[in-house]
Structure formats: structure tokens, C-alpha cells
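Asks: Here it is: the structure, laid out below.
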Amino acid sequence: MMNSNDDHNPIQHFQQWFHEVDNAYPEEETNAMTLSTIGKDGFPKSRIVLLKRFTWEGFIFFTNYTSEKGRAIAKNNKVSITFNWKTSKREVFITGKAEKIAKNLSEGYFDSRPEGSKLSSWASDQSNVISSRRVLDENLHHYETKFRAQTIPKPEYWGGYIIKPYKIEFIEHEPITGFKRITSYTLTSNYNWLKNIRFC
Ligand SMILES: Cc1cc2nc3c(=O)[nH]c(=O)nc-3n(C[C@H](O)[C@H](O)[C@H](O)COP(=O)(O)O)c2cc1C
């Protein structure tokens, strides 16, 4: 098990920063993070996704498993996520491996989403190019009708990933000098976190 009972645990560090930024700074979407994956062509691609949960094990977001990011992860599950919290001059860089979460956990989250988001998950298949906006509206209408009298189920191709961290870096920029304090944690072979602080 990860060492979770002292200040050498990055998840505790992350939790503290996340709550500080969320409560004490005018950050618009504290949970917005940049997810980078390596595509089939060998190049990285980055896009914004929303962090929905974090646990001692890692960082969870939800998506379409057949999207470009889903297909990239299926080939190479080494990913990075970055939080840029401009208003507090803080950044967090995380590298780790993405794994699908259990189906019942994805269903639990899907059920908590607004109806409109549930229907969009059915109507827009992120993996295929839809040639016109009209097709999206037609899809939406189709699924509205289909699920009118029932609870909207989670599509098979939709669910969560947990990113299990291997390395986490916390960076604080000093307002005037621009000097940086970097606190990094790296997972060792015996599941302890090696902590290091440096300035530059
Ligand atoms: C603020 C914001 C939040 C987003 N959150 C998510 C998200 O949680 N999950 C998701 O799949 N896409 C999310 N997106 C859309 C992605 O950035 C991206 O466009 C989409 O998932 C397709 O990416 P892909 O083709 O690289 O797989 C979000 C976009 C924005 C602007």
C-alpha cells in the first residue's frame, strides 16, 4: 500500500492544494486539467478534461473510450496530466498510467449526470467524424425518443479512467521574483514516495 500517513504523500499534498485553490482563489475550474496522450503516430496530443474524483490510488476523469484519447490510451497507457492554477501561480504535473475503472463505478457517475449530458454521450460518438451539425441533432432526437420512458443507461463505450501516478511535481511561482519552488514525489519500487524539494 502507498504510504499515506505522513507528509511524504503527494495525494495529501494535492488535496491540500486543490482545496486551497478552490476556496481561496478565483480559479474558474479548479478541476480542469490538460491530459496528454501519445498517439499512434508517436506524437503527443493534449486536451482539457475534468477531474471528477481523486483517491489514494489516483485521478479519475470520464470520457468516451472510443475517442482519440481512448484509442491512444489503449495502445499506450502512459499519460500526463497538468493543472495550471494561474490565480495562485501554482502548477501540478503528474505522470502515470491510465486504467479503466470498474463498470459499476462508471455507471454510478453516469447516473448522477444531468439528462442532457447523458443524451449527448449517446448522440455524439467522439470516435467518428460526423459530417454535419444536423446529424448530431438528429441523433439527439433519436435518443430522446428512444429513452423517453426509461432511465438513460450508460453507453457501453463511455466510462472513467483512473490515472495512477508515478511522479507528481508541485510548482509554486513566487509573484515578484518568478523563482520556483518544486516539490517532487517519485514512486519507488517498494511503493513509497521519494520526496525532493528544489528551487530554481
Ligand atoms: C472545459 C472543458 C472540459 C472538458 N472536459 C472533458 C471531459 O471531462 N471528458 C472528455 O472526454 N472531454 C472533455 N472535454 C472535451 C475534450 O477537451 C476533447 O475535445 C474531447 O474529449 C475529444 O478529445 P480527443 O478527440 O482527443 O479524444 C472538455 C473540454 C473543455 C473545454
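The values are calculated or read from the model by the stated rules, or taken from the named source; none is laboratory data. On a predicted model such as this, the values are computed, not experimentally measured, just so you know. Backbone-built Cβ (ideal geometry, glycine too); neighbour counts: all protein chains shown.
Asks: Could you give me the residue pairs with C-beta distances under 9 Å whose first residue belongs to segment 78-96 and is without any contact (Cβ under 8 Å) to a residue 60 or more places away in the chain, whose second residue is of a type in the set (Asp, Glu) and not in a strand (DSSP E or B) wherever it lies, and which are 6+ apart or on separate chains?
Replies: Lys86/Glu27
Asks: Got a sec? Which of Lys164, Lys118, Lys154 is under 28 Å from Trp17 (Cβ atoms) and among the charged types (D, E, K, R)?
Replies: Answer to the check: Lys164.
Asks: Run Asp6 past the list (1) at pLDDT 95 or above; (2) in contact with a helix residue (DSSP H, G or I) (Cβ under 9 Å, 6 or more places away or on another chain) and report the number of the one that doesn't hold.
Replies: So Asp6 meets the others, but not (1).
Asks: Another question, then. In segment 31-61, what residues are buried (at least 20 other Cβ atoms within 10 Å of the Cβ) and among the hydroxyl-bearing types (Ser, Thr, Tyr)?
Replies: Thr37
Asks: May I pose another question? Of everything in segment 97-117, what is in contact (Cβ under 8 Å) with a residue 12 or more places away in the chain, part of a helix (DSSP H, G or I) and either within 14 Å of the ligand (Cβ to nearest atom) or of a type in the set (A, V, I, L, M) (or both)? Give them in sequence order.
Replies: Leu105, Ser106, Tyr109, Phe110
Asks: Restricted to segment 62-89, and to residues that are buried (at least 16 other Cβ atoms within 10 Å of the Cβ), hydrophobic (A, V, I, L, M, F, W, C) and over 19 Å from Val21 (Cα atoms), which residue is farthest from the ligand (Cβ to nearest atom)?
Replies: Here the answer is Val79.
Asks: Would you mind finding the one in Glu57, Glu28 that is more than 12 Å from the ligand (Cβ to nearest atom) and of a type in the set (D, E, K, R)?
Replies: Glu57
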